[in-house]
1. Looking at 120, 60, 104, can you tell me which residue is of a type in the set (A, V, I, L, M, F, W, C), in contact with a helix residue (DSSP H, G or I) (Cβ under 6 Å, 6 or more places away or on another chain) and at pLDDT 95 or above?
2. Based on this model, can you work out whether residue 67 counts as closer than 23 Å to residue 1 by Cβ and open to solvent by less than 80 Å² (accessible area, probe 1.4 Å)?
3. Go through (1) crowded, with 22+ Cβ neighbours inside 10 Å; (2) in contact with a helix residue (DSSP H, G or I) (Cβ under 9 Å, 6 or more places away or on another chain) and name the single condition residue 81 misses.
4. What's the total number of residues in region 33-64 that are aromatic (Phe, Trp, Tyr) and open to solvent by 40 Å² or more (accessible area, probe 1.4 Å)?
5. Quick test for you: out of 26, 39, 18, pick the one residue that is modelled with pLDDT under 95 and in contact with a helix residue (DSSP H, G or I) (Cβ under 6 Å, 6 or more places away or on another chain).
6. Evaluate region 56-68: report whether one residue or more is without any contact (Cβ under 8 Å) to a residue 40 or more places away in the chain and closer than 30 Å to residue 129 by Cα.
Amino acid sequence: MMSTTVRLCAGPLDPVAASPQPPGGAVVQFLGVVRPDEAGRPIVALNYEAYEPMTSQEMLRLAQHVAQEFGVQAIHGEHSVGRVPVGAISFRLTVAAGHRAAALEACSAFIDQMKRGVPLWKVPVWTRESAAESATSDLIEGNR
């Protein structure tokens, strides 16, 4: 029996939250953690924006598609909306399958397809220095 669940959560995800783990030979969990830079510029956080209810519907559709395609037992996905500081978890994906290869491949496929097709966006919150660099760059570009 295949199980798929998705959830959008306000703010950072709890690092120790339990995900459903049905019986299987392999359980893979991927954590997406906010990096300290975006496009080479320092940030303090990311603001995630979603287009609800479409975002949740598309994530669930994707989970069902990937679970069926790779023959996995379960996919559970959680993604943050709102502000998530550097170093905090913004995305968690748990995949359970009979074998390691299917779990790993399904995890990778879900993430790749989510980035391409789910209406979820990240907006960097720049550090003061990075914001000042951006303003100076905009002024220089505007003078050309």
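1. On the way: 60 fails: in contact with a helix residue (DSSP H, G or I) (Cβ under 6 Å, 6 or more places away or on another chain); 104 fails: in contact with a helix residue (DSSP H, G or I) (Cβ under 6 Å, 6 or more places away or on another chain).
Result: 120 is the single residue among 120, 60, 104 that is of a type in the set (A, V, I, L, M, F, W, C), in contact with a helix residue (DSSP H, G or I) (Cβ under 6 Å, 6 or more places away or on another chain) and at pLDDT 95 or above.
2. Details: closer than 23 Å to residue 1 by Cβ: yes; open to solvent by less than 80 Å² (accessible area, probe 1.4 Å): yes.
Yes: the conditions hold for residue 67.
3. (1)
4. Number of matching residues: 1.
5. Only one candidate passes the filter, namely 26.
6. There is no residue in region 56-68 that is without any contact (Cβ under 8 Å) to a residue 40 or more places away in the chain and closer than 30 Å to residue 129 by Cα.
The values are calculated or read from the model by the stated rules, or taken from the named source; none is laboratory data. Computed from a predicted model, the values in this text were never measured in an experiment. As a convention, Cβ positions derive from the backbone with ideal geometry for all residues, glycine included, and neighbour counts pool all protein chains shown. Areas reflect the complete protein model, heavy atoms only, side chains present, ligands, DNA and RNA absent. Shrake-Rupley method; radii C 1.70, N 1.55, O 1.52, S 1.80 Å.
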